[in-house]
Amino acid sequence: MFTDLPLDELRGYRPPLPEPAGFDAFWKRTLAEARAHDLDARFAEVDAGLTLLRSYDVEFSGFGGHRIRGWFLIPRQATGPVPCVVQYLGYGGGRLLPHDWLLWPSAGYATLVMDTRGQSGPDRPGDTPDPVGSSNPGVPGKMTQGLLDPDDYYYRRLFTDAVRAVDVARGHTAVDAARIVVAGRSQGGAAALAMTGLVPELAGALIDVPFLTHIRRAIDITDAGPYGELTRYFAGERTHIETALQTLDHFDGLNFAVRASAPALFGTALRDDVVPPSTGFAAFHHYAGEKDLKVWRFNAHEGGGGQQRVAEIRFLRELFG
């Protein structure tokens with residue numbers, strides 16, 4: 001069943017921005033603190049059994065100088081700097097293995113897959129711990145870690161790691177630094193959207209069913225998935241709701257979307273109860289760069305799946321020629 005507004009209303013849905021005072025200063029300070037640490041990017045080639053690709057185990061310094069893991073894959077026949085897709089991951093999982101990331105190298109591009117600190121799962125293993133503890137009691141998961149102060153919030157660390165991952169890609173000699181694309185779905189889509197507002201001169205962005213967007217509406221209309229961690233927390237911490245919402249505003253995708261300039265392809269699904277479609281449409285309508293949106297009428301949080309990937313391949317082909 002449909003989980004949100006009718007499609008004709010979604011096509012014009014443009015809510016007010018939840019921008020907190022000092023938003024730009026907060027992120028300028030955050031990134032300056034991170035860049036005070038040496039990026040110290042390291043690439044160790046591994047034999048992943050992929051004859052047509054070169055595969056590398058990656059480490060670099062993210063938020064707080066913490067070491068972040070990843071994979072870097074590039075077509076073996078590449079003879080000069082190539083475009084690179086920086087890939088961010090969905091909620092509750094890690095970087096997997098090199099053979100799980102064949103799409104973009106198969107299309108002729110390099111890809112840098114950033115592991116997600118403190119997240120792993122039985123079918124999506126990760127390798128990066130999060131050494132920062134929560135400053136407030138919370139519910140299981142990442143959504144309430146450090147929720148009462150923007151400086152302490154989990155996604156401050158994650159989004160900073162994501163910025164540094166772009167720095168890593170830009171610094172690799174096999175990558176064309178002027179042709180960096182950020183990509184992800186769900187939590188990964190949230191990170192990609194945030195990068196469009198935090199990182200200048202990106203070549204493009206692939207933003208599929210983006211999480212952490214129009215958050216105040218999302219928690220009013222769904223208890224599913226990660227947003228449910230917030231609603232459970234608020235049910236108990238009744239006196240902390242407004243403080244927490246003000247923290248979340250610092251990480252809301254709408255505030256990054258209005259600062260974007262890179263061409264972007266979005267995806268949303270009308271039966272998505274994890275990331276309600278009105279939140280994705282809101283991000284799309286506020287997005288300041290050139291943009292397109294694929295709408296999947298009968299799909300839930302899986303979105304367009306392989307068909308969205310087809311659209312993304314075409315998008316990058318047109319972008320890079």
Single condition Phe60 does not satisfy, out of (1) under 28 Å from Phe320 (Cβ atoms); (2) assigned to a helix (DSSP H, G or I): (2)
Take segment 298-318 and flag every residue that is of a type in the set (Asp, Glu) and open to solvent by 60 Å² or more (accessible area, probe 1.4 Å). Glu302, Glu318
So which pairs qualify, if the first residue must be in segment 37-53 and farther than 21 Å from Thr160 by Cβ and in contact (Cβ under 8 Å) with a residue 60 or more places away in the chain, the second must be loosely packed, with under 15 Cβ neighbours inside 10 Å and of a type in the set (Ser, Thr, Tyr), the Cβ gap must be under 8 Å, and the two must be at least 6 apart or on different chains? none
Among the candidates Val274, Val295, which residue alone is among the hydrophobic types (A, V, I, L, M, F, W, C), closer than 22 Å to Thr3 by Cα, surrounded by fewer than 24 Cβ atoms within 10 Å (Cβ to Cβ) and in contact with a strand residue (DSSP E or B) (Cβ under 8 Å, 6 or more places away or on another chain)? Val295
Checking Thr243 against (1) of a type in the set (Ser, Thr, Tyr); (2) over 21 Å from Asp24 (Cα atoms); (3) more than 19 Å from the chain's Cα centre (by Cα), the condition it does not meet: (2)
Within segment 67-77, tally of residues that are open to solvent by less than 40 Å² (accessible area, probe 1.4 Å) and either assigned to a loop (DSSP other than H, G, I, E, B) or of a type outside the set (Gly, Ala, Ser) (or both): 6
Close pairs (9 angstrom Cβ cut-off, 6 or more residues apart or separate chains): of a type in the set (Asp, Glu) in segment 295-321, open to solvent by less than 90 Å² (accessible area, probe 1.4 Å) and in a helix (DSSP H, G or I) anywhere: Glu312/Leu103
Tell me which residues, restricted to segment 25-45, are under 16 Å from Val113 (Cα atoms) and either hydroxyl-bearing (Ser, Thr, Tyr) or surrounded by fewer than 15 Cβ atoms within 10 Å (Cβ to Cβ) (or both). Arg42, Ala44, Glu45
Out of Gly90, Gly64, I need the residue that is open to solvent by less than 30 Å² (accessible area, probe 1.4 Å), modelled with pLDDT of 95 or more and closer than 22 Å to Asp152 by Cα. Which one? Gly90
Give all pairs with beta carbons closer than 9 Å in which a residue from segment 75-98 that is closer than 30 Å to His301 by Cβ and among the aromatic types (Phe, Trp, Tyr) meets a residue that is in a strand (DSSP E or B) and open to solvent by less than 10 Å² (accessible area, probe 1.4 Å); count only pairs at least 6 apart in sequence or on separate chains. Tyr88/Val113; Tyr88/Met114; Tyr88/Val182; Tyr88/Ala183; Tyr88/Gly184
Just to be sure before I move on: is Thr196 assigned to a loop (DSSP other than H, G, I, E, B), over 13 Å from Thr144 (Cβ atoms), β-branched (Val, Ile, Thr) and in contact with a Leu (Cβ under 7 Å, 6 or more places away or on another chain) in the structure I sent? no
Looking at segment 93-105, which of its residues are outside any loop (DSSP other than H, G, I, E, B) and surrounded by fewer than 19 Cβ atoms within 10 Å (Cβ to Cβ)? His99, Asp100, Leu103
For segment 57-104, give me each residue that is under 15 Å from the mean Cα position of the chain (by Cα) and among the charged types (D, E, K, R). Arg95
Any idea which of (1) modelled with pLDDT under 95; (2) open to solvent by less than 20 Å² (accessible area, probe 1.4 Å) is the one Gly189 doesn't satisfy? (1)
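The values are calculated or read from the model by the stated rules, or taken from the named source; none is laboratory data. Just so we're clear, the structure is a prediction, and the values are computed from it rather than from any experiment. Positions of Cβ are generated from backbone atoms using ideal geometry, with glycine treated the same way; all protein chains shown enter the neighbour counts. Just the protein is used for accessible areas: all its heavy atoms, side chains included, with ligands, DNA and RNA removed. Shrake-Rupley method; radii C 1.70, N 1.55, O 1.52, S 1.80 Å.
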